[in-house]
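**Student:** Below are the structure tokens for one structure; questions will follow.
The values are calculated or read from the model by the stated rules, or taken from the named source; none is laboratory data. Since the model is a prediction, treat every value here as computed from it, not as a measurement. Every residue, glycine as well, gets a Cβ built from its backbone with ideal geometry; the counts of neighbours run over all protein chains shown. SASA here: full protein model, heavy atoms, side chains in, ligands and nucleic acids out. Shrake-Rupley method; radii C 1.70, N 1.55, O 1.52, S 1.80 Å.
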Amino acid sequence: MSNQSTSLPAAATFPRKRRKDPRFRRFGFSFPCEAGEGAAGGWGQVAASALRHCNSKAWALLFATLPLFVLPTAALAARKPVLAQIDLPHNYYYREMYLPQLTTGPSSLTFSPDGKDLVYSMGGSLWRQAIGSNEARELTHASGYDYQPDWSSDGRYVVFVRYQHDALELWQLDLGSGKEHALTSNKAVNVEPRLSPDGSRIAYVSTSGTGHFDLYVAKLDSGKLGVPRRIVGERKSAVPRYYYSAFDHSINPAWTPDGKRLVFISNREIAYGTGAIWSVAVDAPDDLKQIYTEETAWRAQPQVTPDGRRILFSSYHGRQWHQLWLTTIDGAAPLPLTFGEFDRTGARFSADGARVGYISNESGNTSVWVQTLAGGALTRVDAAQRKYKDPRAALHLSVRDENGATVSARISVVAGDSRAYAPDNSLIHADDGFDRSLQPFENHYFHCAGDCTVDVPVGAAHVVVTHGMDYVAAQRDVQVKAGGAAAQIALAPLRLPENYGKFVSADLHVHMNYGGHYRQNSEGLMQQARAEHLDALFNLVVNKEERVPDIAGFGTPPLYKDGVLLMQAQEYHSSYWGHLGLLFLDDHDLTPGFVGYQQSAMSSVYPTNGAIADLAHAQHGLVGYAHPFDTPPDSDAVLTNALPADVALGKADYYEAVGFDDHLVTNEVWYKLLNCGFRLPAGAGTDAMTNYASLRGPVGMNRVFLDTGGADTPEALRDALTHGKTFATNAAMLALEVDGKHPGDELALSGPRQVTYHAALRSFAPVEHFELVYNGKVVATHKLSGARTQADVTGRVALTGSGWLLLRAWNKDAQPLVLDIYPYATTSPVYVTLDGKPARSPPDAAYFVRWLDRAIETSAARKDYNSDAEKSTTLDYLKAARAVYAAMQ
């Protein structure tokens with residue numbers, strides 16, 4: 001232990017991996033005129049099975065037997081996002097909503113020319129199935145994942161997309177011989193292949209050359225692709241955007257029946273959504289026509305009827321879920337073809353135009369349906385019987401706790417082909433970043449109720465099992481024989497000493513549904529929480545542009561089942577002022593749930609977050625700042641975030657010290673507020689979108705532990721959070737006692753003195769730094785030994801002035817067992833008062849004065865307030881907060 005007081009290292013000096021490029025600033029400080037979702041781009045880290053997805057069986061066995069704590073740090077530092085060659089902001093939106101993802105259910109389809117069969121993607125392979133039959137035959141099975149088939153009009157072959165070698169390439173499958181060969185090898189992202197009606201050309205979307213989604217056409221002759229020609233040129237819109245690139249994209253191509261034009265989606269001069277339906281003449285690209293304008297979100301996927309008169313597309317206009325709509329080739333007012341509170345996407349016509357096939361998530365997972373255009377008769381194409389290319393066998397997994405009781409868990413299964421597997425009826429999820437030196441693909445996982453069976457290829461399989469942060473991750477290598485195999489995994493507990501308190505865990509920031517492949521419900525969400533050993537979670541109802549997927553569930557009473565408490569709450573979505581979590585609202589959600597949408601009727605930035613906080617408090621709610629900072633706020637070109645104003649004027653009740661942000665940057669700002677004497681408890685929230693197939697972490701990845709005495713009622717959670725009896729973490733569990741006081745308590749002393757502290761750490765992943773922080777400086781560092789996962793320490797610290805003390809644990813680099821950018825944990829402060837004097841820091845007060853000066857200047861210059869009263873109220877609020885800090889200088 002070292003008791004030397006040191007200044008905290010500048011947050012900006014640490015490797016950021018996903019933050020080096022300002023395109024990935026996701027909270028809007030560089031876009032003061034717009035609002036947006038808030039958790040973008042997280043380049044997430046490899047999941048619990050990160051060390052296991054290796055390029056060969058030998059490497060897999062090597063890493064399986066190598067203790068995690070002896071791996072060199074350098075081997076863990078090369079985290080990059082999935083398909084990092086895409087040059088667009090907010091990668092977690094386009095990745096989930098546009099790019100193909102691994103699902104246990106079907107994900108895309110194409111009709112045979114005679115309309116009798118379908119080829120579709122499922123579980124990373126292409127499958128063929130006759131409509132009306134329950135038997136499916138696997139057509140492809142590579143050391144990669146296959147998606148987006150398109151069947152040639154002569155019936156001889158299928159073109160498709162293969163995810164392999166860190167790219168998405170176009171491939172062709174000869175249905176007669178079964179031979180496959182690559183059509184592209186540009187190491188880019190090539191998706192949505194569409195064969196022309198005569199099969200002589202192929203249209204597709206590629207990032208080759210620009211990193212943006214551009215529309216290409218190439219000749220296809222004897223299985224060889226000609227030189228690609230970009231049909232719609234690179235173009236930069238004048239409209240500022242938040243979610244989308246400044247450069248227009250061209251996606252979702254579909255041929256007209258005569259093969260002369262392509263219908264597609266473009267966002268020319270559109271700020272929100274993926275844009276309007278357009279058409280372009282393939283051989284005369286200047287002949288460009290807009291057909292119909294609407295806010296779309298990646299999945300419109302227009303299809304032209306075989307007679308060339310109408311266009312079918314997916315839309316959520318005026319609703320919360322995608323359904324199928326019809327317009328004309330001239331853009332007449334569209335009418336819905338289907339209805340329902342779930343998604344119907346990926347629609348394709350049969351050759352005669354009499355039927356439509358599509359992907360539905362009505363049951364939660366994805367499924368294939370065929371519907372007649374006249375009358376709407378439905379046929380589900382269900383692969384009840386499956387013929388695999390290679391032998392499969394059942395792997396049965398049983399998970400037990402230290403007492404032998406069955407427990408839910410998160411499980412990753414990777415077979416010898418480097419592919420991930422999950423039970424057919426489960427939702428498989430993927431991490432959004434990984435280290436290419438350790439594995440060929442991102443980690444995939446599913447949640448299991450305790451006993452699960454997975455069909456896997458015969459041979460080696462690696463299994464990783466986790467159950468929250470208070471159990472050690474378990475890893476097993478299993479040999480699956482032709483008759484199957486079984487593995488029982490016993491989990492070893494991690495526990496903090498009981499004298500520090502009785503904690504329950506909660507994720508304060510979860511989105512049950514948010515435009516993902518799946519359709520989640522409360523029961524499924526609670527099952528995920530149970531597998532993550534999470535006691536409570538808050539489903540934050542929020543908009544994704546013009547829709548609010550979970551709005552129908554707002555206001556329902558808390559649900560409690562099998563040890564999990566689910567509460568409905570709201571995320572207030574102002575990327576001008578910063579996003580808020582509104583918990584424990586007892587009457588209604590606040591609408592509209594955002595401000596500052598440029599080029600809309602809601603472009604004004606009034607109401608302020610402070611006004612919203614007042615409305616939330618009137619409903620007995622708590623107000624917190626969600627995923628606060630991804631980069632140091634004073635480095636942003638435009639700074640409008642209202643955190644210092646809302647804290648100074650008593651509007652903020654908690655702070656996501658661990659969330660979808662950069663934890664060191666976020667906590668550096670928090671320390672400055674604490675130094676000014678404000679008491680702001682630590683909270684945590686994952687910002688998990690639990691119906692995504694690809695997300696930046698499961699529910700509970702970022703969680704807060706609350707000392708409630710063991711009670712898990714809403715009242716107990718609220719009381720503990722309000723009084724700061726918390727620690728926030730994505731890895732280590734922490735405990736702190738200072739002279740008999742715990743986090744959230746006040747230690748009142750007469751004059752300077754030394755006090756004794758006790759601290760404990762329990763972590764399922766190795767920890768590099770274990771520190772006591774006093775008024776923003778590290779005053780004690782405890783070196784961990786061995787596995788670096790447990791510590792119980794005692795020390796003394798000199799308290800020379802009023803302020804605060806907290807305990808934190810963190811790593812400089814990513815750690816494979818933690819599905820976040822790097823491990824980080826912090827307690828709430830123990831507040832110190834010497835001689836009755838308040839904590840004060842003139843330099844930090846001056847920092848917030850400068851911050852608010854910038855916010856006042858930018859807000860005063862705006863021209864889109866709805867009235868002079870809105871403007872004056874906004875500026876008066878900011879000036880009142882500035883005066884609080886000015887008085888501290």
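**Student:** If you restrict to DSSP beta bridges whose two residues both lie in the chain, what percentage is antiparallel, to the nearest 5?
**Tutor:** Working: 176 of 207 bridges.
That works out to approximately 85 percent antiparallel.
**Student:** Something else: Dividing the alpha-carbon Rg of the chain by 2.2 N^0.38 Å yields what?
**Tutor:** Ratio of Rg to 2.2 N^0.38 Å for the chain: 0.95.
**Student:** Can you pull the accessible area of Trp321 for me, 1.4 Å probe, Å² to the nearest 10?
**Tutor:** Looks like 20 Å² after rounding.
**Student:** Report Rg/Rh for the range 664-822, rounded to two decimals, where Rg is the Cα radius of gyration and Rh the Kirkwood radius.
**Tutor:** Details: Rg = 16.4 Å, Rh = 16.9 Å.
Dividing the radius of gyration by the Kirkwood radius yields 0.97.
**Student:** When only the heavy atoms of the protein chains count and the probe is 1.4 Å, how do Tyr500, Tyr655 rank by accessible area, highest first?
**Tutor:** Numbers: Tyr500 20, Tyr655 0 Å².
The residues order as Tyr500, Tyr655, largest area first.
**Student:** Could you give the accessible area per residue of the chain, probe 1.4 Å, as a whole number in Å²?
**Tutor:** Details: 29480 Å² over 889 residues.
Per residue, the chain has an accessible area of 33 Å².
**Student:** What list of ³J(HN,Hα) values in whole Hz, one per residue of the range 133-148 in order, does the Karplus curve 6.51 cos²θ - 1.76 cosθ + 1.60 (θ = phi - 60°) give from phi, with Gly and Pro shown as x?
**Tutor:** Along the range 133-148, the couplings run 9, 10, 10, 10, 10, 6, 9, 10, 7, 10, 7, x, 10, 10, 9, 6 Hz.
**Student:** Report in % the part of the accessible area of the range 290-396 that belongs to carbon and sulfur, leaving out ligands and nucleic acids; probe 1.4 Å. Mind showing how you got there, number by number?
**Tutor:** On the way: 2180 of 4380 Å².
Accessible surface attributable to carbon and sulfur in the range 290-396 totals 50 percent.
**Student:** Ignoring ligands, DNA and RNA, please state the percent of accessible area on the range 525-646 from carbon and sulfur, probe 1.4 Å.
**Tutor:** Ligands and nucleic acids excluded, carbon and sulfur reach 57 percent.
**Student:** Okay, next question. What longest region of the chain stays clear of GluC sites (Glu not before Pro) that DSSP places outside H, G, I, E and B and that have at most 14 other Cβ atoms within 10 Å? Could you put the intermediate results ahead of the total?
**Tutor:** On the way: sites that count: Glu234, Glu269, Glu341, Glu402.
Formally, the longest exposed-site-free interval is 403-889.
**Student:** Also, quick follow-up: What number do you get for the range 406-521 when its Cα radius of gyration is normalised by 2.2 N^0.38 Å, N = residues? Could you put the intermediate results ahead of the total?
**Tutor:** On the way: Rg = 16.4 Å, N = 116, 2.2 N^0.38 = 13.4 Å.
The reported ratio for this selection is 1.23.
**Student:** How far, in nm, would the chain grow between Glu402 and Asp352 when pulled straight, counting 0.36 nm per residue and subtracting the alpha carbon separation?
**Tutor:** Values: separation 50, 0.36 × 50 = 18.00 nm, distance 6.07 nm.
Answer, rounded to one decimal: 11.9 nm.
**Student:** So how strong a dipole does the range 442-511 carry about its Cα centre when Lys and Arg Cβ are +1 and Asp and Glu Cβ are -1, to the nearest 20 debye? Kindly include the intermediate steps, with their values, before the conclusion.
**Tutor:** Details: 4 positive and 7 negative charges, 36 e Å.
Around 180 debye, computed over the range 442-511.
**Student:** Please determine, in degrees from 0 to 90 and to the nearest 10, the orientation of helix 663-675 with respect to the longest principal axis defined by the Cα atoms of the chain, where the helix direction is its Cα long axis.
**Tutor:** Between helix and principal axis, roughly 30 degrees.
**Student:** So for the range 180-254, Kirkwood radius off the Cα pairs, Stokes-Einstein at 10 °C and 1.306 mPa s: how many µm² s⁻¹?
**Tutor:** Working: Rh = 13.3 Å.
Estimated diffusion coefficient is 120 µm²/s.
**Student:** Another question about this same structure. Name the residue farthest towards the positive end of the dipole of the range 468-564 from the options Gly484, Met469, His533, assuming +1 on Cβ of Lys and Arg, -1 on Cβ of Asp and Glu, about the Cα centre.
**Tutor:** It is Gly484, whose Cα lies furthest towards the positive end.
**Student:** Still on this structure, please answer the following. Can you check what the Kirkwood hydrodynamic radius comes to for the range 169-209, Cα pairs only, in Å to one decimal? Can you show the working numbers first?
**Tutor:** Values: mean 1/r = 0.0889 Å⁻¹.
It is 11.2 Å.
**Student:** Could you state the angle between the C-alpha long axis of helix 609-618 and the longest principal axis of the C-alpha atoms of the chain, as a value from 0 to 90 degrees rounded to the nearest 10?
**Tutor:** Its long axis makes an angle of about 80 degrees.
**Student:** Same structure again: Given Cα positions, please report Rg to Rh for the range 136-283, the hydrodynamic radius being the Kirkwood one. Show your work: numbers first, answer last.
**Tutor:** Values: Rg = 15.8 Å, Rh = 16.0 Å.
So for the range 136-283, dividing Rg by the Kirkwood Rh gives 0.99.
**Student:** To the nearest 20 Debye, how big is the dipole of the chain about its Cα centre, given +1 on the beta carbon of each Lys and Arg and -1 on that of each Asp and Glu?
**Tutor:** On the way: 83 positive and 94 negative charges, 357 e Å.
The calculated dipole for the chain is roughly 1720 debye.
**Student:** Next up: By how many degrees, between 0 and 90 and to the nearest 10, does the Cα long axis of helix 868-886 differ from the longest principal axis of the chain?
**Tutor:** So the inclination is approximately 40 degrees.
**Student:** Give me the percent of accessible area attributable to carbon and sulfur for the range 682-814, probe 1.4 angstrom. Write down the numbers at each step before the final one.
**Tutor:** Numbers: 1790 of 3790 Å².
Looking at the range 682-814 in its full context, I get 47 percent from C and S.
**Student:** Taking the Cα centre of the chain as the origin and placing charges on Cβ (Lys, Arg +1; Asp, Glu -1), which of Pro149, Val832, Ala188 is farthest toward the positive end of the dipole?
**Tutor:** Ala188
**Student:** So what are the three principal axis dimensions of the range 745-851 from its Cα atoms, in whole Å, longest to shortest?
**Tutor:** Sorted largest first, the three principal extents are 45, 37, 19 Å.
**Student:** With all distinct Cα pairs included, what does the Kirkwood hydrodynamic radius of the range 323-408 come out to in Å, to one decimal, could you say?
**Tutor:** On the way: mean 1/r = 0.0602 Å⁻¹.
Taking the inverse mean of 1/r over all distinct Cα pairs, the range 323-408 comes out at 16.6 Å.
**Student:** Given a Förster distance of 56 Å, report the FRET efficiency between Leu875 and Thr756 from their Cβ-Cβ distance, rounded to the nearest 0.05.
**Tutor:** Details: r = 49 Å, r/R0 = 0.87.
The computed FRET efficiency comes out at 0.70.
**Student:** As a test of the formula, what do you get for the chain when each DSSP H run with n ≥ 4 contributes -39,500 (n - 2.57) and the sum is divided by the residue count, at 222 nm and rounded to the nearest 500 deg cm²/dmol?
**Tutor:** Numbers: 9 runs with 103 residues, N = 889.
Rounded to the nearest 500, it is -3500 deg cm²/dmol.
**Student:** Further question: For the range 686-731, what is one quarter of the convex hull surface built on the Cα atoms, given in nm²? Before the final figure, lay out the partial values.
**Tutor:** Working: hull surface 15.5 nm².
Result: a mean projected hull area of 3.9 nm².
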